[in-house]
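What follows is a single structure, written as structure tokens, with notes after it.
We did not get these values from a lab; they are worked out from the coordinates using the rules stated. Being a predicted model, the structure only gives us computed values, none of them experimental. Here the Cβ positions follow ideal geometry from the backbone for every residue, glycine too, while neighbour counts run over all protein chains shown.
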Amino acid sequence: MTNPNELLPPRARIFVAGHRGLVGSAVVRRLTADGHEVLTRGRAELDLRDAAATAAYLADVRPDAVVLAAAKVGGIMANSTYPVQFLEDNLRIQLSVVAGAHAAGVARLLFLGSSCIYPKHAPQPITEDALLTGPLEPTNEAYALAKIAGIVQVQSYRKQYGASYISAMPTNLYGPGDNFDLETSHVLPALIRRFHEAAAEGREEVTLWGSGTPRREFLHVDDLASACAVLLAGYDGDEPVNIGCGEDLTIRELAETVAEVTGFRGRLAWDTGKPDGTPRKLLDVTRLTSLGWKPAVPLRDGIAATYRWWLDQRAGQS
């Protein structure tokens, strides 16, 4: 294993793929604050699904490190409706960036996957070695398989070429830069928008998908970014690393918190004919916390800050 002190120069040049997304924008903020030079390219300038163009860009700029945060992401509805795009777009992005980085001699790479890679009924909390030990959640299987392929790709480059490439598996993320489109968003931003609109319209009831009983873990994206900084500087293992806060709550409890933050005082109804997804998904974060990392943003505070950010964005667009 490489000496952790040599994994990343103090003022490294780091290409962040997917810098405009929820994850990538937070990583850019953190790495810039840490004194690194962050390199980015927008989708109009560089389509990461294009292997030749991606390889040419990386060969030209030759960064010290790459953070692969680019991905096609979405909630249950989007994953269920567009499995081909969730599989193929993510595979193309991963193949282009990782292979291009290696060809360009990039010394360090962090691939960001997702906690949905784990089996639907994995023992809780989920340790990294639960990967590939059981069937996946059907509603996001295509996306999960693409992310699993990314982990194996990184491990293969380590094994065959000795590359200092690593993988991390974040839990459910939220924060500034999130997607609030009700057709494609994840649960937390969707709840914020739905409750805000219900409160504004004076509605007495909001109906939500499922039973409200599944348990989920939520991590503020700035905490995710701080974990990425720790991993880039101090981790060089073959196994992926879970990134989470180590605590979960039911979707019902989450909905009640969001309703309180947004000022909705009506009733919550549950459409049990809609899918719940995985019953519980809580990550074991022992491997990460052993490196000295811990989350800093309490959930309710993070939800309130994210709500304020979204309101500011709406006000700026009006």
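Determine ³J(HN,Hα), in whole Hz, for all residues of the range 234-246 in sequence, where each value follows from phi through the Karplus function 6.51 cos²θ - 1.76 cosθ + 1.60 and θ = phi - 60°; x replaces Gly and Pro.
Residue by residue, the range 234-246 yields x, 10, 9, x, 6, 7, x, 10, 6, 10, x, 9, x Hz.
With each run of n ≥ 4 DSSP H residues scored as -39500 (n - 2.57), what mean residue ellipticity at 222 nm is computed for the chain after dividing by its residue count and rounding to the nearest 500 deg cm²/dmol?
-13500 deg cm²/dmol, from helical runs alone.
Would you work out which of Leu95, Leu131, Gly113 lies farthest towards the positive end of the dipole of the range 93-178? Charges go on Cβ: Lys and Arg +1, Asp and Glu -1.
So the residue we want is Leu95.
Show the residues, 5+ positions off or on another chain, whose built amide H is closer than 5 Å to the amide H of Ile243.
Sorted by chain and number, the residues that satisfy this are Met169, Thr171.
Can you run phi through the Karplus equation (6.51, -1.76, 1.60; θ = phi - 60°) for the range 94-109 and list ³J(HN,Hα) in whole Hz, with x for Gly and Pro?
Coupling constants for the range 94-109: 5, 4, 5, 6, 5, 5, x, 5, 4, 4, 7, x, 5, 7, 9, 8 Hz.
Given that compact globular proteins tend to follow 2.2 N^0.38 Å, what is the ratio of the alpha-carbon Rg of the chain to that value?
Normalised by 2.2 N^0.38 Å, the Cα Rg of the chain equals 0.99.
What is the dipole size for the chain, taken about its Cα centre, with +1 at each Lys and Arg Cβ and -1 at each Asp and Glu Cβ, in debye to the nearest 20?
For the chain, the charge dipole is close to 240 debye.
Share of antiparallel DSSP beta bridges in the chain, in percent to the nearest 5?
Once the DSSP bridges in the chain are tallied, antiparallel ones form about 5 percent.
Name the residue farthest towards the positive end of the dipole of the chain from the options Pro275, Leu208, Val16, assuming +1 on Cβ of Lys and Arg, -1 on Cβ of Asp and Glu, about the Cα centre.
Working it through, the farthest residue towards the positive pole turns out to be Val16.
With θ set to phi - 60°, apply the Karplus curve 6.51 cos²θ - 1.76 cosθ + 1.60 along the range 200-217 and write out the HN-Hα couplings as whole Hz, x wherever there is a Gly or Pro.
Rounded to whole hertz, the list is 5, 8, x, 6, 9, 8, 10, 9, 10, 5, x, 9, x, 8, x, 9, 9, 10.
Cβ under 12 Å from Gly302's Cβ, Gly302 left aside: what net charge do those residues give with Lys, Arg +1 and Asp, Glu -1?
-2
Search the structure for amide H atoms under 5 Å from the amide H of Val38, placed 1.01 Å from N in the peptide plane, and list their residues when 5 or more places away or on another chain.
Ile14
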